Amino acid sequence: MSPYHHDLLPDHSYHVYSRAVGSEKLFLSCENYRFFLSKFKKYILPVAEVYSWVLLPNHFHFMIKIRKENFLYDHYATLNKKESLRTEDFPVFIMKCFSNLLNSYTKSFNKVYNRKGSLFIDYLRRVHIEDDAQFGATAFYIHKNPVHHGYCKRPEEWEWSSYHSYLHKTPTQPAGIHLMEWFGGLEGFIKYHQQEIYLKGSENIE
């Protein structure tokens, strides 16, 4: 299995990300960003909690934790009244939720901008978060991504990220797990993001 195509399993954490096809843009207005986050809440929050995220014009990153089995059983039951979810089908069900998110957003985007065809590349990359070092480095990478791509000079300047929400003490969109305790408070959170950290395999990540 490719290191970027791990099964998404209950009670495990992952870095998931995708990008637009070719030179297309995913977000052309503030309303596009807000609409994508509203779709994320609808399709993904029932199956995953969020640690950190960022939306950029042509790609996105989320660090998530898949919910426990009982939550997944309950959500599946609300969507499929007459069917039961088998344990071995968890990864398929979770990926279906992501597929629904991307397809729903694409249909709306195409309608608004009078375009046709795929908007996202044909797969969702996912990397399993295996330890604390990788957890911290991934959060850092996601929050620094707007700086890396030249959209701003400091991560707090980019509105469409959890770093902006945490730093400005505004409600995280989508609402997620608060990172402050992991970093030992706001001071530790800011200090951690001021150092140079290189995420393993980041040369292959947008």
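Have a look at the stretch 65-206 and give its Rg and Dmax from the Cα atoms, expressed in angstrom.
Reported Rg and Dmax, both Å: 18.2, 52.
Taking a label point 7 Å from the Cα of Lys42 along the Cα→Cβ vector, which residues of the stretch 3-33 have an amide N closer than 11 Å to it?
From the stretch 3-33, the list is empty.
Can you tell me the accessible area per residue over the chain, all protein chains present, probe 1.4 angstrom, in square angstrom?
Numbers: 10910 Å² over 206 residues.
For the chain, the per-residue accessible area is 53 Å².
Which residues' amide hydrogens lie under 5 Å from the amide hydrogen of Tyr51, considering only partners 5 or more residues apart or on another chain, with H built in the peptide plane?
Residues meeting the criterion, in which the H sits 1.01 Å from N, are Met63, Ile64, Lys65, Ile177.
For the pair Lys96/Tyr123, report the inter-label distance in nm, with labels modelled 7 Å from Cα in the Cβ direction.
Modelled inter-label distance: 2.2 nm.
How high is the FRET efficiency between Asn103 and Glu181 when r is their beta carbon distance and R₀ equals 22 Å, given to the nearest 0.05? All intermediate terms of the calculation are to be shown ahead of the outcome.
Values: r = 35 Å, r/R0 = 1.61.
So the FRET efficiency works out to roughly 0.05.
Residues of the stretch 30-73 with the amide nitrogen closer than 17 Å to a label point 7 Å from the Cα of His149, along Cα-to-Cβ, please.
The answer is 30-37, 52-63, whose backbone nitrogens lie closer than 17 Å to the label point.
When the accessible area of the stretch 1-143 is computed with all protein chains present and a 1.4 Å probe, what percentage of it is carbon and sulfur? Before the final figure, lay out each step's value.
Working: 3610 of 6920 Å².
That fraction is 52 percent.
Dipole of the chain (Lys/Arg Cβ +1, Asp/Glu Cβ -1, origin at the Cα centre): which of Leu28, His178, His148 lies farthest to the positive side?
Leu28
Within the stretch 77-184, which trypsin sites (Lys or Arg not before Pro) sit in a loop by DSSP and count at most 12 neighbouring Cβ atoms inside 10 Å?
Numbers: sites: Lys81, Lys82, Arg86, Lys96, Lys107, Lys111, Arg115, Lys116, Arg125, Arg126, Lys144, Lys153, Lys169; in loops: Lys81, Lys82, Arg86, Arg115, Lys116, Lys153, Lys169.
Here the sparse-neighbourhood loop sites are Lys81, Lys82, Arg86, Arg115, Lys116, Lys153, Lys169.
Do the sum for the chain: with -39,500 (n - 2.57) for every DSSP H run of n ≥ 4, divided by all residues, what is the mean residue ellipticity at 222 nm, to the nearest 500 deg cm²/dmol? If you can, show how the numbers build up before the last one.
On the way: 6 runs with 79 residues, N = 206.
Helix-only estimate at 222 nm: -12000 deg cm²/dmol.
The values are calculated or read from the model by the stated rules, or taken from the named source; none is laboratory data. Every value quoted in this text rests on a predicted model; they were computed, and no experiment measured them. Backbone-built Cβ (ideal geometry, glycine too); neighbour counts: all protein chains shown. To get the accessible areas, we keep the full protein, side chains included, count just its heavy atoms, and leave off ligands, DNA and RNA. Shrake-Rupley method; radii C 1.70, N 1.55, O 1.52, S 1.80 Å.
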